[in-house]
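Q: Have a look at this one.
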Amino acid sequence: MRFIIDYSRDPEEKDLVYYLDEYSFDMKPWVNFMDIELAINKLTLTVLDNQIIQLSGFCSLPKLMNSNICTPDYSKGRLMIEHNQKPGFTFRIYEEDQPVYLNNKSGWVCIGDPSKEGNAVEFIKNCLAVVDSDGNLKSLWLKPRWG
């Protein structure tokens, strides 16, 4: 599986929400169709027509988890994947859970490597992905509306 950034198209216009009482991310509006899902920790990324169109799932963000992470420089676009996976299934991106960082001041959450090495794209409003030169997803950066 290889991640590809397409800067020639606009990102998805959806709202990312984090529900404190459920420790979960959700998107509005929600699309009920998918080809496959990709899992990172307990989050899933919905893939439709080789494009990541939404994400949801569980991620505990306790207030004690404060970090001074800052987002990478990014441009708007789409996050695409090349794959030969069987439709209708969920596939893990990593074997192991990735670290989670939260900057309480900015509201940004980073899942994965916060070093920012690679190219970054805002593929959904307030959702960034960093992809390295080999097409590996290095990190997700999320700034939800707190619900």
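Q: Starting from the Cα of residue 116, draw a straight line to each of the aspartates and glutamates and keep only those under 14 Å, dropping any in the same chain fewer than 8 residues away.
A: Within the straight-line cut-off, residue 116 pairs with 73, 132.
Q: Right, next: Which peptide among 49-58, 97-106 comes first, and what is the full order, when sorted by highest mean count of other Cβ atoms within 10 Å?
A: Packing order, densest peptide first, comes out as 49-58, 97-106.
Q: Which FRET efficiency, nearest 0.05, do residue 28 and residue 134 yield, Cβ-Cβ r, R0 35 Å?
A: 0.55
Q: So what is the relative contact order for the chain, in percent, with contacts set as C-alpha pairs under 8 Å and at least six apart?
A: So the answer I get is 30 percent.
Q: From a point 7 Å beyond the Cα of residue 92 in the direction of its Cβ, which residues of segment 8-39 have a backbone N at a distance under 12 Å?
A: 39
Q: Using Stokes-Einstein with the Kirkwood hydrodynamic radius over Cα pairs, what translational diffusion coefficient do you get for the chain at 4 °C and a viscosity of 1.567 mPa s, in µm²/s rounded to a whole number?
A: The estimated diffusion coefficient comes to 85 µm²/s.
Q: Modelling each spin label as a point 7 Å along the Cα-to-Cβ direction, I'd like the residue 117/residue 146 distance in nm, to one decimal.
A: 3.3
Here, each number is a calculation from the coordinates, and none is a lab measurement. Bear in mind the structure is a predicted one, so any value in this text is a computation, not a measurement. Cβ atoms come from the backbone with ideal geometry, glycine included; neighbour counts cover every protein chain shown.
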